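Visitor: To start, I am sharing the structure in question, which I have written as structure tokens.
Every number in this text was worked out from the coordinates using simple rules, so none of it is lab data. It should be emphasised that the depicted structure is a prediction, and the values quoted were computed from it without experimental measurement. Every residue, glycine among them, receives a Cβ derived from its backbone with ideal geometry; neighbour counts consider all protein chains shown.
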Amino acid sequence: MKRRSNGEGTYRYDETRDRWVWKGYYNDVSGETKRKTIVAKKRKELRAKVESFQAEQTQGGTSGNLTLSKFSEQWLNAIKPTIKPRTYEAYRSTVINHLTPTLGKYRLKKLLPAQIQEMLNLLAQKYSPATVNTIRRHLIIMLNAARDNGYIIRNPASVTKTVKDTRQNTLKVLSQSELQQLLDVVHAKDYLLLSKNADIATIYMAICTDILISLLACTGLRIGEALALKWSDFDKSSGSIVVNKTLVNGISGLCIGSPKTETSNRTLLLPNAMIPKLETWHKKQQRYAMHLGNLFTNKYDLIFANSRGNLMSYSNWSRRYWHKAIAAAGLPKTITPHCLRHTLASLLIAKGTPLQVVSRQLGHAGTDVTLRIYTHMIPGTEKVALTAIESIFTNKEKGKTSPDAATSEEVAVINRKDPSLPQ
């Protein structure tokens, strides 16, 4: 008798049910061995079913029954060690908050572009186009992994349409007077210290917020970069700060991670007025630490530690201090700390600062990024374009010729054909 090969399974006829039965084993997506039973009325029909099932195994395990929800779990676990915590957290948030609730129940092999597009259109009624397009991009990345691993043949998300942003896309920047008003408010601290009996922690955070906003305004740092700064990054002799990390809100909470891009690693010179501010703040923070004793740890030696010396949560700081500051300064609620970055860029460009310098200051990946974001702020661009157009299509008075007059080259060609013609 011919011996069955490993994994072939067993065929038998079940007289009780009048059916042909196949029993075998397979490995699911987690690698666990499970038993499978397939039934059919005729042996030929059963064999076809078995061969189809085994083909699915070859193409990617139990891909026929694998749901998007189950695969997303496997995918997140697979990519976690290979990407930055911030990137992983963004993918995980998309999966948990948007993909699993809407598409999680669908089998990967049955997922259609129309179903995905419907989800995107529904999300667009609730979220901004940028948010919806980010969800779409994350889904494409995830399903590309499913395709590369043989679970699906084509990526249905790749043929969906992005959500168009019909709103006027303008950067929120402050005028020089609005910026000064904000700086004056946070320096005065009246918006926080309304009572003379304010506790020491509130006073600490009021001063901390003053220095933080001043630094953001004069450097264009991202808020995460500023909150990750250590005192060792500040060199008072050269008047500079080293930017080489950022605050990350990961799965296990706040931590310090690598910056957004390689070019985010940079050393920035500080305005003269900022150097003594930081020095004074360092002394005040040290006195505060001595007052609190073991209650203030600051194990990371942070410039902007919270009132207990820990990493400062941006969301908490924004809610408790930033929003109160901009309200006291009479600024719109839509103004965020990132607007200070845009404001500095706009002021530098208005002063004629070369684009390469602005790009390095902001830590952009390249001048193309800076140009894409701030090109409309570069003064005189419309006039430069107009001058170029006029130089192409407008004849100068000097040396102006009639449109019908032949050029010297045309005359030479004519003379070669007929030397008798007058020159």
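Visitor: Given the C-alpha centroids of segment 247-324 and segment 204-219, what is the distance between them in whole angstrom?
Guide: Their Cα centres are 10 Å away from one another.
Visitor: Quick check on segment 175-330: take the gyration tensor over C-alpha atoms, sort the square-rooted eigenvalues as a ≥ b ≥ c, and tell me if it's rounded (a/c under 1.5), prolate or oblate. It would help to have the intermediate numbers written out before the result.
Guide: On the way: a/c = 1.37, a/b = 1.14, b/c = 1.20.
Note, shape of segment 175-330 comes out rounded.
Visitor: Quote to one decimal, in nm, the extra length available between Asp165 and Arg137 on full extension: 0.36 nm per residue of separation minus the C-alpha distance between them. Could the numbers behind the result be given before it?
Guide: Numbers: separation 28, 0.36 × 28 = 10.08 nm, distance 1.57 nm.
Extra length available between Asp165 and Arg137 comes to 8.5 nm.
Visitor: Give me Arg154, Arg222 sorted ascending by neighbouring Cβ count inside 10 Å, so fewest comes first.
Guide: Numbers: Arg154 10, Arg222 21.
Final ranking by Cβ density, sparse to dense: Arg154, Arg222.
Visitor: Then there is this: What nm distance separates the two modelled labels at Leu193 and Lys333, each placed 7 Å from Cα along Cα→Cβ?
Guide: 2.9
Visitor: Determine the gain in length on full extension of the stretch Thr267-Lys80; use 0.36 nm per residue of separation and subtract their C-alpha separation, reporting nm with one decimal.
Guide: That pair, Thr267 and Lys80, stretches by 64.3 nm at full extension.
Visitor: Further question: With the dipole of segment 237-311 worked out from charges on the C-beta (+1 for Lys and Arg, -1 for Asp and Glu) around the Cα centre, which of Asn294, Ile256, Phe304 lies farthest toward the positive end?
Guide: Farthest towards the positive end: Asn294.
Visitor: Now, a different point. Past 20 Å, Cα to Cα: identify those pairs from Lys283/Lys324; Lys105/Lys161; Lys80/Lys164; Lys23/Lys44; Lys164/Lys333; Lys84/Lys245, in the order given.
Guide: On the way: Lys283/Lys324 26 Å; Lys105/Lys161 22 Å; Lys80/Lys164 31 Å; Lys23/Lys44 15 Å; Lys164/Lys333 25 Å; Lys84/Lys245 12 Å.
The pairs that break the limit, which is 20 Å between Cα atoms, are Lys283/Lys324; Lys105/Lys161; Lys80/Lys164; Lys164/Lys333.
Visitor: What is the distance, in nm, between label points placed 7 Å from the Cα along the Cα-to-Cβ direction at Glu8 and at Lys126?
Guide: That separation, rounded to one decimal, is 5.3 nm.
Visitor: Still on this structure, please answer the following. For an R0 of 30 angstrom, estimate the FRET efficiency from the Cβ-Cβ distance between Ile153 and Lys36 and round to the nearest 0.05. Before the final figure, lay out each step's value.
Guide: Details: r = 22 Å, r/R0 = 0.75.
The calculated FRET efficiency here is 0.85.
Visitor: Something else now. Want the number for Leu295 to Glu51: 0.36 nm per residue separation, take away the alpha-carbon distance, what's left? Present the calculation step by step, with values, prior to reporting the outcome.
Guide: Numbers: separation 244, 0.36 × 244 = 87.84 nm, distance 6.75 nm.
Using 0.36 nm per residue and subtracting the Cα-Cα distance, I get 81.1 nm.
Visitor: Further question: Could you check the simple spin-label distance between Arg17 and Arg320, using points 7 Å along Cα→Cβ, in nm with one decimal?
Guide: Going from the Arg17 label point to the Arg320 one covers 6.4 nm.
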